[in-house]
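Peer 1: Structure below; questions to follow.
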Amino acid sequence: MGEEIHRNLHGRFLGGLAAAPRGAALRLGDRTVTFEELHELALVWAGSLLHGGVTGPIGVLAEKGTTAYAGVLAALYAGATVVPLHVDFPPDRTARMMVAAGVTALIADGRGAGLLPELRERGYHGAALLPDGGGEGGIPVSAAHAPAEPLAVPPDAPAYILFTSGSTGRPKGVVLTHGNLHHYFGVLDGRYDFSPDDAFSQTFDLTFDCAIFDLFCAWGAGAPAVPVPPRGHADLPAFLERHRVTVWFSTPSGISLARRLGSLRPDTLPGLRWSFFAGEALRCQDVEDWTRAAPFSTVENLYGPTELTVTITGHRWSPEGSQKLAVNGVVPIGAVHPGHQVLLVTEDGRPTEDEEGELCVTGPQLTPGYLDPEDGAGRFLEHAGHTWYRTGDRVRRLPGDELCYLGRRDAQVQVQGWRVELAEIEHALLAAGDGVAEAAAVGVDGAAGTELVVFYTGEARPPVELANRLRRTLPHGMVPKRYHHLDELPLNANRKVDRKALTERAGELLRADNNWS
């Protein structure tokens, strides 16, 4: 097999296949799927797709099971782009994503197949491969069409299209190439000592970029990925011990959940070697609680927007050193990956030599762009002969080229790993009509991390009615639980909505009563 394919993302799975052919690639409850089994299944599906004339991006619409994971591999094996989709997203949103990505075929499990009629009503007219049944007229699955080996593609070919929240009221499609991901995993391979003896938690939805870390770090090492179901969190120590999980990765909210469920008692997670957190600000106190439960685990705080390929920095926790570098009790995010450059800019986008500013990064992990070029307006900066991505995150330079996260400069928040454009929530609420005149969404720190709060004017409505309205178009993780009616929204000196005042008001209300409306 040529060198080119090993520079493709699916080459990592092939490396794991060579290292541990009969080893577990997946642990799904009581069932184990070996590397050989998953490889053969992906080849059959890839061949069936190619025989059916599929040449464009392939959507994967399935719960975390064999169909979802084999579907990701099959799309890559066919030389196509993976477009992960979520069975619990509103059909309107999923259809918009599929049309925007140019999805030409869909791999779906039973639940995904059940959504096909609604997706077709909303504009999806491509093919479907339905290995679990659930629909007529799907692409026939036949081992006779399986290729001898996966297809190789050039480094600039798209490997994934991932969608993030968009301020225009529609999700933005981000393209990640095989070249982006090859550099990314080359950095990780040099930083960590993963082996076939490890087992990786898989807590993230496949639509979340960090799931790429879970799967392809595991598979590249010849180790299994272990999806963590809701019941697994109920008794996390027992779940991790049963499945021999040695590598954990979640948002910092996972620490809060484990704490609430009594899983962070001293030495309750002794089998963990590595613990990674990303997607939200990580607090020193949370790390201290986690390391008491997982005393043999090395903890790293990872940071990165999707546009910079999953994660772009990492800080390794040390009890004394990290505490000294922390700002406002938040663990540093670390130094950018080798091969990249950092630029700090002022609010108006001018480069600055100050120690604080908005973080901009350029280098081999930078996305080639969005599906819709208009989504890139204001997100990229041309300077010193390079294109830089403006992250929107304010940082402070620390000794040793490390960085510390200070907060957002724009109306975007992180909610349990979801990157949420507040404007998208506002747009969805106003688009529904029904008496809401104005709306302003804010994020505020709560007991379980950032909580979304909506202030609105017009006719007062029951919170459950407003939440149900948003669920028609927004994913569950983006739907606020708290709504507050005002006669008018406060304005600042520039006659713009005073979001600072609303955020302060939301914090007061949250502290005063967790059941206000």
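Peer 1: Is it the case that the stretch 42-53 has a residue that's more than 30 Å from ALA100 (Cα to Cα) and out of contact with any strand residue (DSSP E or B) (no Cβ under 9 Å at 6 or more places or on another chain)?
Peer 2: no
Peer 1: Just for the stretch 445-484: of the residues that are more than 27 Å from ARG96 (Cβ to Cβ) and under 21 Å from the mean Cα position of the chain (by Cα), which one is modelled with the lowest pLDDT?
Peer 2: Looking at the filtered set, the residue picked out is ALA448.
Peer 1: Next question. Suppose we filter LEU106, LEU26 for residues that are assigned to a strand (DSSP E or B), surrounded by 23 or more Cβ atoms within 10 Å (Cβ to Cβ), free of Cβ contacts under 8 Å to residues at least 60 places away in the same chain and touching a strand residue (DSSP E or B) at 6+ places or on another chain (Cβ under 9 Å); which single one remains?
Peer 2: When all the criteria are applied, what remains is LEU106.
Peer 1: Taking the stretch 214-229 on its own, how many of its residues are surrounded by 24 or more Cβ atoms within 10 Å (Cβ to Cβ), touching a Lys or Arg at 6+ places or on another chain (Cβ under 7 Å) and over 18 Å from ILE5 (Cα atoms)?
Peer 2: Total satisfying the criteria: 2.
Peer 1: Tell me, which residue of the stretch 74-88 that is crowded, with 22+ Cβ neighbours inside 10 Å and hydrophobic (A, V, I, L, M, F, W, C) is farthest from the chain's Cα centre (by Cα)?
Peer 2: Result: ALA78.
Peer 1: Would you call LEU429 at pLDDT 85 or above, in a helix (DSSP H, G or I), out of contact with any Gly (no Cβ under 7 Å at 6 or more places or on another chain) and assigned by TED's automatic domain parsing to the domain that holds ALA501?
Peer 2: no
Peer 1: Okay, next question. Which residue, of LEU302, LEU325, is within 25 Å of ILE212 (Cα to Cα), touching a residue at least 12 places away in the same chain (Cβ under 8 Å) and surrounded by 14 or more Cβ atoms within 10 Å (Cβ to Cβ)?
Peer 2: Unique residue meeting the criteria: LEU302.
Peer 1: So, one more: Quick one: is ASP156 among the charged types (D, E, K, R), over 22 Å from HIS182 (Cβ atoms) and modelled with pLDDT of 95 or more?
Peer 2: no
Peer 1: Report the residue count in the stretch 303-362 for those that are assigned to a loop (DSSP other than H, G, I, E, B), among the small types (Gly, Ala, Ser) and not assigned by TED's automatic domain parsing to the domain that holds ARG390.
Peer 2: Final tally of qualifying residues: 4.
Peer 1: Kindly provide the set of residues from the stretch 169-199 that are surrounded by fewer than 15 Cβ atoms within 10 Å (Cβ to Cβ) and outside any helix (DSSP H, G or I), ordered by number.
Peer 2: ASP193, SER195, ASP197
Peer 1: Scan ALA46, ALA42, ALA68, ALA74 and give me the residue that is in a helix (DSSP H, G or I), hydrophobic (A, V, I, L, M, F, W, C) and under 17 Å from ALA113 (Cα atoms).
Peer 2: The unique qualifying residue is ALA68.
Peer 1: Filter the stretch 46-73 down to the residues that are closer than 29 Å to SER195 by Cβ and over 24 Å from the mean Cα position of the chain (by Cα) and list them by number.
Peer 2: Listed by number, the list holds a single entry, ALA46.
Peer 1: So, one more: Identify, from the list GLU36, GLU3, the residue that is closer than 22 Å to ALA148 by Cα and at pLDDT 95 or above.
Peer 2: Going through GLU36, GLU3 in turn, the sole match is GLU36.
Peer 1: If you check PHE249, PHE276, PHE208, which single one turns out to be outside any strand (DSSP E or B) and in contact (Cβ under 8 Å) with a residue 40 or more places away in the chain?
Peer 2: PHE208
Peer 1: Further question on the same structure: Can you name the condition, by its number, that GLU300 falls short on among (1) farther than 18 Å from VAL247 by Cα; (2) modelled with pLDDT of 95 or more?
Peer 2: Unmet condition: (1).
Peer 1: Moving on to the next point. Sort through GLY271, GLY279 and tell me the only one that's crowded, with 23+ Cβ neighbours inside 10 Å and closer than 28 Å to GLY222 by Cβ.
Peer 2: Answer to the selection: GLY279.
The values are calculated or read from the model by the stated rules, or taken from the named source; none is laboratory data. Model, not experiment: these values are computed from the prediction. Positions of Cβ are generated from backbone atoms using ideal geometry, with glycine treated the same way; all protein chains shown enter the neighbour counts.
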